[in-house]
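Sharing a structure with you now.
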Ligand code: ADE
């Protein structure tokens, strides 16, 4: 039996390592939470802003030491679930595949194309089979609240965008970059998958705020992506990211009404009850 979700907001934030430290949280605590899925990226920092509880987890670990392919996405989502989060916000650096999504802009991702190949992408498997819907992989309610908060924080926000998630750790070739454009992708990154899939399986509404750091490499006249440029834009945007979290806390209604994603597993488990391990 699943536990009822709290009628109050508790937002899990997967993001950069410096994020939580720059936000004044009431009753802040750092806690190590164990997971049967292995080691999460690090301890969580939990605390309140007004009526909203936030629990932060730096997905690349302290000092950005965990590469995208080695993040234990299952443990991270499981730890947030164990902390009682109701919804998950993901903040991540992305490259742009469109002229009008310029470095410094923010994109409220609503769709994904998954090109990852080395990551465990489900909590389910032999013994317990489930197929959740990923037709709409992000939560419209959370996405809208987050986009509004990012605008109020001073961000230049695009309200929709398709994110292609590559395995990395290398950036793409020019041919790949142009192929992703032809597929209809707007932005590119390395971390949202399988995070979004696992959040759905954990019945956690999920939204990604992508911060554009570069134009990837589809523009012939420009050099390829350089980490120094990515970091420079991320540092410039760090205060907007922190303000976005504060604005989100201010903008959410006092009580959290249930959404369909809260019960995503209701019709997704296919293994007969008497055959479940
Ligand atoms: N993260 C930031 N910029 C990126 C890019 N161009 N490709 C993949 N991940 C990124």
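The values are calculated or read from the model by the stated rules, or taken from the named source; none is laboratory data. These figures come from a predicted structure and were not determined experimentally. Cβ placement follows ideal geometry from the backbone for every residue including glycine, while neighbour counts extend to all protein chains displayed.
From the list 199, 241, 207, which one is within 18 Å of residue 101 (Cβ to Cβ), surrounded by 22 or more Cβ atoms within 10 Å (Cβ to Cβ) and more than 16 Å from the ligand (Cβ to nearest atom)?
207
Moving on to the next point. Considering every residue within the range 163-180, establish whether at least one is in contact with a strand residue (DSSP E or B) (Cβ under 6 Å, 6 or more places away or on another chain) and either closer than 15 Å to residue 106 by Cβ or away from the ligand (no atom under 16 Å from the Cβ) (or both).
yes
Scan the range 99-119 for residues that are within 16 Å of the ligand (Cβ to nearest atom), under 22 Å from residue 148 (Cα atoms) and crowded, with 19+ Cβ neighbours inside 10 Å and report the count.
6
Another one. Have a look at 69, 90 and point out the one that is assigned to a helix (DSSP H, G or I), under 28 Å from residue 179 (Cβ atoms) and touching a residue at least 60 places away in the same chain (Cβ under 8 Å).
69
Scan the range 126-145 and give yes if some residue there is outside any loop (DSSP other than H, G, I, E, B), at pLDDT below 95 and either more than 28 Å from residue 247 (Cα to Cα) or within 16 Å of the ligand (Cβ to nearest atom) (or both), otherwise no.
For the range 126-145, residues outside any loop (DSSP other than H, G, I, E, B), at pLDDT below 95 and either more than 28 Å from residue 247 (Cα to Cα) or within 16 Å of the ligand (Cβ to nearest atom) (or both): present.
Among the numbered criteria (1) at pLDDT 95 or above; (2) over 17 Å from residue 190 (Cβ atoms); (3) not in a strand (DSSP E or B), which one does residue 63 miss?
(1)
Now for a different question. Filtering the range 233-277 down to residues that are more than 21 Å from the chain's Cα centre (by Cα) and in a helix (DSSP H, G or I), which residue is nearest to residue 210 (Cα to Cα)?
The extreme case among them is 273.
Then there's this: Pairs only if they're at least six apart or on different chains, beta carbon under 8 angstrom, first in the range 165-182 and at pLDDT 95 or above, second away from the ligand (no atom under 11 Å from the Cβ) and assigned to a helix (DSSP H, G or I); list them, first residue then second.
As it stands, the answer is 165/193; 167/69; 168/69; 169/69, since those pairs meet every condition given.
Turning to a different aspect of this structure: Among the residues of the range 151-162 satisfying the criterion of being over 15 Å from the mean Cα position of the chain (by Cα) and either within 16 Å of the ligand (Cβ to nearest atom) or in contact (Cβ under 8 Å) with a residue 60 or more places away in the chain (or both), which is surrounded by the fewest Cβ atoms within 10 Å (Cβ to Cβ)?
Out of the qualifying residues, it is 154.
Within the range 175-183, does at least one residue satisfy the condition of being more than 27 Å from residue 267 (Cβ to Cβ) and in a strand (DSSP E or B)?
The answer is no; no qualifying residue exists.
Looking at (1) in contact with a strand residue (DSSP E or B) (Cβ under 7 Å, 6 or more places away or on another chain); (2) without any contact (Cβ under 8 Å) to a residue 60 or more places away in the chain; (3) in a helix (DSSP H, G or I), find the lone condition where residue 47 falls short.
For residue 47, the exception is condition (3).
Still on this model: Taking into account only those residues within the range 215-234 that are at pLDDT 95 or above and either under 19 Å from residue 244 (Cβ atoms) or near the ligand (Cβ under 9 Å from one of its atoms) (or both), which is surrounded by the most Cβ atoms within 10 Å (Cβ to Cβ)?
216
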